[in-house]
1. Work out how much length D398 to K312 would gain on full extension: take 0.36 nm times their residue separation and subtract the Cα-Cα distance, in nm to one decimal.
2. A 30 angstrom limit on the alpha carbon distance is what I want to check against. Which of K209/K253; K320/K468; K47/K209; K138/K209; K305/K333 exceed it?
3. What's the center-to-center distance, using Cα atoms, between the stretch 404-462 and the stretch 28-47 in Å?
4. If you filter the stretch 311-404 for trypsin sites (Lys or Arg not before Pro), then keep DSSP loop positions with at most 16 other Cβ within 10 Å, what is left?
5. Which value, in Å to one decimal place, does the Kirkwood hydrodynamic radius take for the stretch 265-360 when every pair of different Cα atoms is included?
Amino acid sequence: MQKDTQTATSPNSPTGINLVKALGDPNCPHCGGVGYVRYDVPLGHEKFGKLESCVCRAKDVADSARSRLFALSNLDRLSHLTLENFYPLGHEKALHMTPLERESIHKAWEICNDFTNTRLGAEENCWLLLEGGYGCGKTHLAAAIANNAVNHGVPTLFITVPDLLDSLRFAYADPEITFEQRFDEIRNADLLILDDFGTQNATGWAQEKLFQIINYRYINKLPTVITTNLMLDEIEGRIRSRLQDDKFVKHVKISASDYRRPNEISNPGASMMSQPEIKKMTLANFQMRENELGKVVSIITTVEKLDRFGNKIKEKETAKVEITHHDLTTLSKAYNAAAIFAEQPKNWLAILGQSFCGKTHLAAAIGNYRIAEGGQAMFLDISNLLDYLRQTFNDDSDISLGRRLHEIRITPLLILDDLRESSRSSNWSEDKLLNILNYRYYNDLPTVLTTTLNLDSFAINYPSLCNKFLDPKNQVCEIDMPAYRRVSKAGRANPHK
């Protein structure tokens, strides 16, 4: 190795004055105190003509790199986030959470603790992928890992992906550091934490730089933490392939809702809970209709007949019926079931009955009660649900069908109104509906369904779904009451669904 900096004895220094401040150890046998060396290698060698820091400056170089990484991280504003002050059973602002949500948060906290204490630097599972929606706690966990590493002297870069890309772009015009140096510092950081992966501007250049960083760290098994609100299917293919290596990457899904908005309905863009008529439907103003006992009312029934060719046809007929104790009892049982479910949503509840018998009111009342208590609820008419899913096929849609299905499947409380005969919907519609409900069934997520089908018709039209509702842990209430009508001040009849 040769020194590559002028010294007092250098023939190129006519004044005999040291032009460069000595950065290294004056007694260093390699650089003599200059702090830099160059290798005596032939032309064409990768190290030919390049300066490198001498080994005597290793600590100073490491401290400097650590300081630069810390400055890039802006961890000062996140220094208060630790694993000790994380809420492992859910944030205190999230007043009502499902057992599945609490379990996912606690599991994430345990895995991050384990990563901090034992995994850092280990090749097995030395990557963490924290997936979850906004406000679920993933950034707190990632910042806590970073703060712990910094406190133990580990050169750590904690940065959002858009900021990382901006840092690389700015390096092109930075007089103090080259793009290559900045890029090398990032991809070689002892611990790299990429926050909000997926929010970056997905230009070709950005995708390529991200892939190069992630691929380099994957090949060299460098500890990395990534947080994202994307599903794996939404991540660029080459990066997704590396994140799916379950022997190397620990994938943690957090299903909790946004603690910053604990009183907000689930997915307000889709839910009908904010609609004025739905907001009016509460348990308190539900009418039990005891005063109608013995009253004779007209109802419309559908009967099956044979036409003159012997084909079965359905016709509607008007009939007179008397409201009985049995009718009132079915309404009372449905109300009590809804009140109990609203107090503690658990398993599934189906409310069956003809149009305007009160089932929609009870279903909406459950959602309104949960929201008033600080929980979340998504209320969807099934026809609106299917339209909401179809919107993803529009050319101007910026969200995938998979993402939209995922949002609905994991919502804390899902209320689906007005399930109709299967022949009135397409195979695609039924497939997507069952996709949502099967997921919720196997993950024990609270769900409410209303339908005009009676139990026999329900079983014929949706045998698999009906069997799930007939599971002993779930409940089915069938209301036999005739349609309700309330009279407005103008004398018009208004529906009570």
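1. Details: separation 86, 0.36 × 86 = 30.96 nm, distance 4.68 nm.
Length gained, D398 through K312: 26.3 nm.
2. Working: K209/K253 26 Å; K320/K468 35 Å; K47/K209 24 Å; K138/K209 24 Å; K305/K333 34 Å.
Flagged as over cut-off: K320/K468; K305/K333.
3. A separation of 71 Å, based on Cα centres.
4. On the way: sites: K312, K314, K316, K320, K333, K346, K359, R370, R390, R403, R404; in loops: K346.
Within the stretch 311-404, the qualifying trypsin sites (Lys or Arg not before Pro) (loop, at most 16 other Cβ atoms within 10 Å) are K346.
5. 16.8
A short reminder: the numbers here are calculations on the coordinates, not readings from a lab. Just so we're clear, the structure is a prediction, and the values are computed from it rather than from any experiment. All Cβ positions, glycine included, derive from the backbone under ideal geometry; neighbour counts span all protein chains shown.
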